[in-house]
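As structure tokens, the structure follows; a few thoughts come after it.
The values are calculated or read from the model by the stated rules, or taken from the named source; none is laboratory data. Bear in mind that the values here come from a model prediction, so they are computed numbers and not experimental data. Every residue, glycine as well, gets a Cβ built from its backbone with ideal geometry; the counts of neighbours run over all protein chains shown. The area values use the complete protein model at the heavy-atom level, side chains included, leaving out ligands, DNA and RNA. Shrake-Rupley method; radii C 1.70, N 1.55, O 1.52, S 1.80 Å.
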Amino acid sequence: MSSFKEGLEDVVVSTSEICFIDGREGRLLYRGYDVDELVAQSSFEETVYLLWHGALPSRKELEAHTKLLSATSTRRLPPKLVTMLRQFPRKTTPMEVLRTGVSALAAFDPDAADNSREATVRKAIRITAQMPTLVAAWERLRTGKTPVAPTPRLNLAANFLYMLTGKKPTDLAAKTFDVALIMHADHEFNASTFAARVTAATLSDLHSAVVSGIGALKGPLHGGANEQVMRVVEQIRTPDRAEAWIRKALADKVRIMGFGHRVYRVEDPRAKHLRRLATELGRQAGKPQYVEILNTVARVVTEVKKIFPNVDLYSGAAYAAMGIPTDQFTPIFAMSRVAGWAAHVLEQHAHNRLIRPRAEYTGPARQAYVPLDRR
Ligand code: COA
């Protein structure tokens, strides 16, 4: 077999019309639209439509799509699922609950096994609407509170924050959250999307593909990095300790979460928006130290290692300033990325071929079997 780089580096697996990353220029496009423009002018709901349907919606299309996504009947969880959540030990992590919860949602979905485009879009709407309710419900239950019912009057971002705290969020918090959702919605063939596509390519269904995506996103080299960044901030504690801490970590050859990327050779274009929003939110919440610590860490890591911040460096600082617990950061990432996973499942099913790569065998040559009593 030919030589190859580990980790499928630079391997093109398929064509895709959904997302383009320019790793040298630091640009990210969804269906040809620059994420910078979507952040400035769009909403998460519109971005979801764009990813699934391939074009920006008309006013009428957006209204119909938003109505479906925000209806209480779409957002609410089956009561039996809430009963199931109550059985989990309180120490169950939010990512474990999300992974199990989405899998369980299939049992209540009338289209569960239907892989037609129409049914997959209907399921995508339901899963995208239900995931925030699931994440918020677990946060309430594990802290001994009653889940807050969704309201159709708020967009997905504001409704999530409302269900989490029981209070309507400030405009800045709701806007910041919406922008964070837009920026996390898709990212080409990243590990979790690839996992979702591999599952879909066996002609399995959307819920299974999303569960595969959640499992892959959980790891610290992927979506789990945003939680790890916050653990570092917690260890550093104050901005004056940041420089010495990070220089020692680099000297000890520690992998620094929130930096480096398989595709970007410059700063991730999403990092600058999250830095700005985290700075603003931190100032308003009286917690500017998170971003101050991260700015020092970024300066030193860039100078010493020539690697740059990725999407996960500043998102946690923004969520922490809103009072969101650290282990909810990756579920929040999943709440957004489900839009991309669904778009990729639709694309995979439209032109399907089983994804089945090969391994270069390096094990022993053929050997004669030795019976147990002669070993
Ligand atoms: N901290 C320290 N060194 C890093 C690094 C990081 N975050 N990311 C990459 N490097 C270094 C590696 O040590 C390696 O150096 P070497 O060649 O001297 O050994 C080189 O950069 C290449 O790293 P490698 O792990 O082979 O790159 P990759 O393309 O396989 O990995 C990531 C990409 C994202 C997994 C990697 O950058 C990483 O682990 N980042 C931290 C986790 C993270 O933030 N993930 C979220 C991504 S959006």
**OP:** Determine if the stretch 122-137 includes at least one residue that is part of a loop (DSSP other than H, G, I, E, B) and open to solvent by 30 Å² or more (accessible area, probe 1.4 Å).
**Re:** no
**OP:** Quick one: in the stretch 257-279, of everything that is over 22 Å from residue 20 (Cα atoms) and more than 19 Å from the chain's Cα centre (by Cα), which residue is most open to solvent (accessible area, probe 1.4 Å)?
**Re:** 276
**OP:** Give the residues of the stretch 159-192 that are of a type in the set (A, V, I, L, M) and either open to solvent by less than 40 Å² (accessible area, probe 1.4 Å) or closer than 22 Å to residue 279 by Cα (or both), sorted by residue number.
**Re:** 161, 163, 164, 172, 173, 174, 179, 180, 181, 182, 183, 185
Subject >> Residue check for residue 73: part of a helix (DSSP H, G or I), open to solvent by 50 Å² or more (accessible area, probe 1.4 Å), within 24 Å of residue 50 (Cα to Cα) and polar (S, T, N, Q) >> reply: yes
Original post:
Out of all the residues in the stretch 115-130, which are farther than 23 Å from residue 62 by Cβ and touching a residue at least 12 places away in the same chain (Cβ under 8 Å)?
Top reply: 115
Original post:
For the stretch 193-245, how many residues meet the condition of being within 16 Å of the ligand (Cβ to nearest atom), open to solvent by less than 40 Å² (accessible area, probe 1.4 Å), not in a helix (DSSP H, G or I) and not small (Gly, Ala, Ser)?
Top reply: 1
Original post:
Within the group 62, 68, 38, 51, which residue is in a helix (DSSP H, G or I), hydrophobic (A, V, I, L, M, F, W, C) and open to solvent by 80 Å² or more (accessible area, probe 1.4 Å)?
Top reply: 68
**OP:** State all residues of the stretch 131-148 that are touching a Lys or Arg at 6+ places or on another chain (Cβ under 7 Å) and touching a residue at least 40 places away in the same chain (Cβ under 8 Å); if no residue qualifies, say none.
**Re:** 133, 141, 142, 147
Original post:
Residue check: is residue 14 more than 16 Å from the ligand (Cβ to nearest atom), outside any helix (DSSP H, G or I) and farther than 26 Å from residue 179 by Cβ?
Top reply: yes
**OP:** Could you tell me which of the residues 368, 339, 343 is away from the ligand (no atom under 16 Å from the Cβ) and open to solvent by 10 Å² or more (accessible area, probe 1.4 Å)?
**Re:** 368
Subject >> Residue list for the stretch 307-336, filter: of a type in the set (Gly, Ala, Ser), more than 11 Å from the ligand (Cβ to nearest atom) and touching a Leu at 6+ places or on another chain (Cβ under 7 Å) >> reply: 317, 318, 321, 334, 336
